[in-house]
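Notes follow the structure.
What follows is calculated from the coordinates using simple rules that are stated; it is not laboratory data. The model shown is predicted, which means the values in this text are computed figures rather than measured ones. Heads up, the Cβs are rebuilt from the backbone with ideal geometry, glycines too, and the neighbour counts pull from every protein chain shown.
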Amino acid sequence: MAQAARVTNSGGRPSTAVDATSIDQIAGRSSAADAVPLEGSDRHSSDRGEAGPAQRRAVGTDDGTVRAVTEPAVVHDIRAAYDAVAPRYAELFSNVLETLPMERAMLAAFAELVRAHDAGPVADVGCGPGHVTAHLHALGATAFGIDLSSEMVALARRAHPDLRFDEGSMTALDVDDGVLGGILAFYSVIHTPPQHVPAVFAEFRRVLAPGGHLLLGFFAGDDPLPQEFDHKVTLAYRWSPGSLAESARQAGFVEVARLVREPREGERQFQQAQLLVRKPEEPGAPR
Ligand SMILES: C[S@@+](CC[C@H](N)C(=O)[O-])C[C@H]1O[C@@H](n2cnc3c(N)ncnc32)[C@H](O)[C@@H]1O
């Protein structure tokens, strides 16, 4: 089992039968994906976001001991789904940022704000194979990755041996309070059932330093209620940017910026959005 290194105050897709011709197929970003069954990612009983029976799981800690954690059943299913597709996902997506200028612009702004604030490292939560973590690193941010899927973490470590990647869940981060300068959740909160999103945002707020930034990447829509869609790995939800911003506001964040772009040719015909929010400074702190 991978060692989970704790972040403290002192610390700074197996191959499937799918012959995907588009980078969008696995992530459900392509309408063509709708017709393609993805082996190894069958839908699970908890896919509709019901809490389901909680699961006990052993997690390694940095002192070599093993502790048991309880997690929602849906988290177990998401892990299994991404473990099953990790190599194929990495193959399809590891260079995708090269083709996404809007996303790169928001990532650059995020990295610059985090660097200027200098309050701690950036956690790329739901980092997948680590390509966005590496992009943040190249932008000068001190970045590390966290992912639910041990297969994704293994691929990320192999592709970026100079960077740190830990197994973990956004529902209970093994990170001390207030130690992160930034959190990136790039198309990872999309799998969180909407009723669990407030708890995830509360967890993000807990681990961020005052003034720390959170950047969310997600599929967008106009409906005020989150809409589930048939993502090819496991069930996902798209949000209107206003609804997700309101959920972040209710968790104590202040909106900084949002970017909504139209789908590109060949992508699933959903808008895609980036939402940048900030944890307020402590009262009286210099801005
Ligand atoms: C669509 S992929 C995005 C990966 C990467 N951020 C990217 O943009 O290519 C979603 C990732 O989020 C991870 N993930 C989903 N739920 C998670 C959770 N509760 N905690 C940590 N990671 C999670 C999955 O294992 C998967 O690697």
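A few points about this structure:
- Amide H partners (placed H, <5 Å) of D124, local residues excluded: F144, G145, I146, L184
- Scalar couplings 3J(HN,Hα) for segment 117-123, obtained by applying the Karplus form with A = 6.51, B = -1.76, C = 1.60 to θ = phi - 60°, are 6, 6, 9, x, x, 9, 9 Hz; x denotes Gly and Pro.
- For A236, residues with placed amide H under 5 Å, excluding near neighbours: F229, H231
- Cα centroid separation, segment 247-287 to segment 179-228 (Å): 9
- Ordering of 190-197, 71-78 by packing is 71-78, 190-197, highest average first (other Cβ atoms within 10 Å, averaged per residue).
- Ordering of 233-239, 246-252 by packing is 233-239, 246-252, highest average first (other Cβ atoms within 10 Å, averaged per residue).
- Among 275-284, 152-161, the order from most to least packed when residues are scored by Cβ within 10 Å on average: 152-161, 275-284
- For segment 132-185, taking the reciprocal of the average inverse distance between every pair of different Cα atoms yields a Kirkwood hydrodynamic radius of 11.8 Å.
- All Cα-Cα separations within segment 123-218 were binned at 5 Å from zero, giving a P(r) of 3, 15, 25, 27, 20, 8, 2, 0, each value a whole percent of the pairs.
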